[in-house]
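Peer 1: Here it is: the structure, laid out below.
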Amino acid sequence: MDDSVLDLVPPLSMARAEKMYLRLPGRVASIAHHHRLWLGPDHLLSVRATGFSEEYKRFYFRDIQAFVIRKTSRRGILTALFALVAMAFALSALLISDPYWRGFWAVLAGFGLLLSAVNWLAGPTCVCHVRTAVQTEQLPTLRRLRTARRVLAPLKQRIEEAQGPLAPERLQPKPPSLAESAASKAAAQAPNAANGARTTTSLP
Amino acid sequence: MAAVTCTKCGFVLNETTFNQPVWTGCPSCKVPLLVEVFPALFKEAASAQSGQVLVTEGEAGCFYHPHKKAVLPCDACGRFLCALCDIEFSGQHFCPGCLETGRKKGSPAGLDKRRTLYDSLARSLSLLPLLIWPLTLITAPAALFIAIRYWKAQGSVVRRSKIFMVLAMLIALIQIAGWTILFWTWFHR
């Protein structure tokens, strides 16, 4: 096909693109890459930047089925870890008589305590997944519940604008059908009843 | 209805856990969950439409399937398309050919999954070698070449500024000027 026809397809102009995406709170960065979430006009954009390239995942508002936020224990673990390190440094400071080294260890202990306090004050940690009809993807930037709530509030509004409100009767538990009740009875009799309801299947 | 599962144990969650204001434990692994669902979860998957067969001679046929009735033209090439060939994207209608060619060229925007950031590459090539400055003899022209060669290349989807390119070119030009002065001084000593 002649490439000239593509000129008719409106490209994304600079000004339009700048206005098009709104940066959402939350960021995950490491030496190799960093993640960011952006709010587009009709989709949520997850950007994974690795050095000199960017990878994009788009979740269109009309396709988003659910967000699942799972609470994790990372907050407690990290706080305890930083506190332990701070205590070790503080102990070193107490045991050393040299005032120079005592000061050095005390500063490190203070730094560890500060990290521990900041981590605790940042709030509960979580893992957030977005679900569409074809995939369930983790949103790495949403690692704190506070950030997740701040991001999901405008998202929820946009999704409801795209999909309409959810009918309350959808959230009512359905009465189990005959087949389902028979299956649940059989599952309850089986010793590994809980595993039977899982969607993941294990290979023989 | 599609099933929402616990992201830790994979247990299928029921309606009692949906859209609750407080944490709800997974019935299987008891991990606290907040599940926000939307109407798309309850929507049946749409089946693909097949094109209607032409019934009268005067009707326009699809470019790709001449025996199928055309429903609209492609917004890029103008070819008539049947319901099967019509691909709606960002409010526009394209034929599969235009969409595939457009995807390779990064137009229309919204199809590309990955982009190379030549502006970041040029910037790094002009700035990082300053730590080991003799390297700039090679990297400065390289940075200048990348900045000029890829000036029109599409950059980041979210950060659409040429400032890094301009910065890289300026720094590279300064480095090249520095080397020129240095060599000039050596040869004319």
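The values are calculated or read from the model by the stated rules, or taken from the named source; none is laboratory data. Because the structure is predicted, anything quoted here is derived from the model rather than measured. Here the Cβ positions follow ideal geometry from the backbone for every residue, glycine too, while neighbour counts run over all protein chains shown. Protein only, heavy atoms only, side chains kept; ligands, DNA and RNA dropped before computing areas. Shrake-Rupley method; radii C 1.70, N 1.55, O 1.52, S 1.80 Å.
Peer 1: What are the residues in the stretch A:116-160 that are more than 11 Å from chain B (Cβ to nearest Cβ) and over 16 Å from A:Leu24 (Cα atoms), if any?
Peer 2: A:Ser116, A:Ala117, A:Val118, A:Asn119, A:Trp120, A:Leu121, A:Ala122, A:Gly123, A:Thr125, A:Gln135
Peer 1: What pairs come out if I take residues in the stretch B:73-89 that are farther than 13 Å from B:Gln52 by Cα and at pLDDT 85 or above and pair them with residues that are aliphatic (A, V, I, L, M) and crowded, with 20+ Cβ neighbours inside 10 Å whose C-beta lies under 6 Å away, six or more apart or interchain?
Peer 2: Close Cβ pairs satisfying both conditions: B:Cys74/B:Leu81; B:Phe80/B:Ala70.
Peer 1: Would you pick out the residues in the stretch A:23-49 that are open to solvent by 40 Å² or more (accessible area, probe 1.4 Å) and farther than 18 Å from A:Arg149 by Cα?
Peer 2: A:Ala29, A:Ser30, A:Ile31, A:Ala32, A:His33, A:His34, A:Pro41, A:Asp42, A:Arg48
Peer 1: Let me ask something else about it. Which residues, counting only those in the stretch B:8-44, are open to solvent by less than 40 Å² (accessible area, probe 1.4 Å) and in a loop (DSSP other than H, G, I, E, B)?
Peer 2: Selection gives B:Cys9, B:Gly10, B:Leu13, B:Cys26, B:Ser28, B:Val31, B:Phe38.
Peer 1: Can you find, within the stretch B:161-189, the residue that is farthest from the chain's Cα centre (by Cα) among those that are within 13 Å of another protein chain (Cβ to nearest Cβ) and part of a helix (DSSP H, G or I)?
Peer 2: For the stretch B:161-189, the residue satisfying everything is B:Ala168.
Peer 1: On the given criteria, is A:Ala90 more than 30 Å from B:Val31 (Cα to Cα) and either open to solvent by less than 50 Å² (accessible area, probe 1.4 Å) or at pLDDT 95 or above (or both)?
Peer 2: Criteria met by A:Ala90.
Peer 1: Just to be sure before I move on: is A:Leu166 within 12 Å of chain B (Cβ to nearest Cβ) and buried (at least 19 other Cβ atoms within 10 Å of the Cβ) in the structure I sent?
Peer 2: yes
Peer 1: Which of the residues spanning the stretch B:71-92 are within 14 Å of another protein chain (Cβ to nearest Cβ), loosely packed, with under 15 Cβ neighbours inside 10 Å and closer than 21 Å to B:Gly58 by Cβ?
Peer 2: B:Gly78
Peer 1: From the list A:Val118, A:Val134, A:Val127, pick out the single residue that is closer than 30 Å to A:Arg23 by Cα, free of Cβ contacts under 8 Å to residues at least 40 places away in the same chain and not in a helix (DSSP H, G or I).
Peer 2: Details: A:Val118 fails: not in a helix (DSSP H, G or I); A:Val127 fails: free of Cβ contacts under 8 Å to residues at least 40 places away in the same chain.
Only one candidate passes the filter, namely A:Val134.
Peer 1: Determine if the stretch A:68-87 includes at least one residue that is open to solvent by 40 Å² or more (accessible area, probe 1.4 Å), within 30 Å of B:Leu117 (Cα to Cα) and either of a type in the set (Gly, Ala, Ser) or touching a residue at least 24 places away in the same chain (Cβ under 8 Å) (or both).
Peer 2: Checking the stretch A:68-87: not a single residue is open to solvent by 40 Å² or more (accessible area, probe 1.4 Å), within 30 Å of B:Leu117 (Cα to Cα) and either of a type in the set (Gly, Ala, Ser) or touching a residue at least 24 places away in the same chain (Cβ under 8 Å) (or both).
Peer 1: Out of curiosity, is B:Cys95 more than 26 Å from the chain's Cα centre (by Cα), modelled with pLDDT of 85 or more and within 10 Å of chain A (Cβ to nearest Cβ)?
Peer 2: Taking the combined requirement at face value, the residue does not satisfy it.
Every residue, every condition in (1) of a type in the set (Val, Ile, Thr); (2) surrounded by 15 or more Cβ atoms within 10 Å (Cβ to Cβ); (3) assigned to a helix (DSSP H, G or I), yes or no:
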{"residue": "B:Leu99", "(1), (2), (3)": "no, yes, yes"}
{"residue": "B:Asp112", "(1), (2), (3)": "no, yes, no"}
{"residue": "B:Ala122", "(1), (2), (3)": "no, yes, yes"}
{"residue": "B:Trp133", "(1), (2), (3)": "no, no, yes"}
{"residue": "B:Ile138", "(1), (2), (3)": "yes, no, yes"}
{"residue": "B:Ala143", "(1), (2), (3)": "no, yes, yes"}
{"residue": "B:Gln154", "(1), (2), (3)": "no, yes, no"}
{"residue": "B:Arg159", "(1), (2), (3)": "no, yes, no"}
